[in-house]
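What follows is a single structure, written as structure tokens, with notes after it.
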Amino acid sequence: MDLPRMENTTEVSNPEKNTTRRVGAMTMIPPNESRRNQIRMMAQKEEEELQRWKESHRVTHVHTTPDRLGGDATLAQVRERQFQNLRCSKVLKKMEQDNWAQKKRQEQNDEYQRKKDEQRQKAERNEKRAEEEQQRRRQQQRQEHFRVNSAFLHNLDGRDGCRQSSPGPHDG
């Protein structure tokens, strides 16, 4: 990255003896000292006011009446109870995990049973639908068979009727 050369600088005079310098594409403007001092003094004044406010609003003395804590049990009894709880905690934790696992398995079994029942119902509906379709086909086949047989017999009766009514070469 090449920095612009200082040879290209031009100075523009300000009425407050501060000069603005241009260096290539950048313009450097020096700070206004009187404004800077004014801001600095204002910040110091506000900081002092904040410190005075903190001092005036500081919490002074807190007094509480002592209470007896820990109930009616002695230290030995409390330690014994803690020891019992510690010994039983592993067993209780294991029992909780077992109960949770059993509950989860039961939920899964219920879900599987529900899905099986749903699929069984679908299969029964499909089977019933297939049976009805088969029944309908049989009925159509019977009707078609009856129609074909009737046409054949009608055609056969027509031939026999023609033979008897017309004299044949053997008749005579």
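The values are calculated or read from the model by the stated rules, or taken from the named source; none is laboratory data. Everything numeric in this text was worked out from a predicted model, so none of it was measured. Note: ideal-geometry Cβ built from the backbone for every residue, glycine included; neighbour counts use all protein chains shown. Note: areas computed on protein heavy atoms with side chains; ligands, DNA, RNA excluded. Shrake-Rupley method; radii C 1.70, N 1.55, O 1.52, S 1.80 Å.
Out of segment 26-55, which residues are over 53 Å from the mean Cα position of the chain (by Cα) and of a type in the set (Gly, Ala, Ser)?
Within segment 26-55, just Ser34 meets the criteria.
With the structure loaded, tell me whether Pro66 is touching a residue at least 12 places away in the same chain (Cβ under 8 Å) and in a loop (DSSP other than H, G, I, E, B) or whether it fails that test. So that I can check it myself, show each step before the final result.
Working: touching a residue at least 12 places away in the same chain (Cβ under 8 Å): no; in a loop (DSSP other than H, G, I, E, B): yes.
Considered against the rule, which asks whether it is touching a residue at least 12 places away in the same chain (Cβ under 8 Å) and in a loop (DSSP other than H, G, I, E, B), Pro66 comes out as no.
Can you tell me which residue within segment 62-84, out of those that are hydrophobic (A, V, I, L, M, F, W, C) and at pLDDT below 85, is most open to solvent (accessible area, probe 1.4 Å)? Before the answer, list the steps.
Looking only at segment 62-84, we keep the residues that are hydrophobic (A, V, I, L, M, F, W, C), and these are 62, 69, 73, 75-76, 78, 83.
Those left that are additionally at pLDDT below 85: 62, 69, 73.
Details: Val62: 106, Leu69: 147, Ala73: 31 Å².
The residue in question is Leu69.
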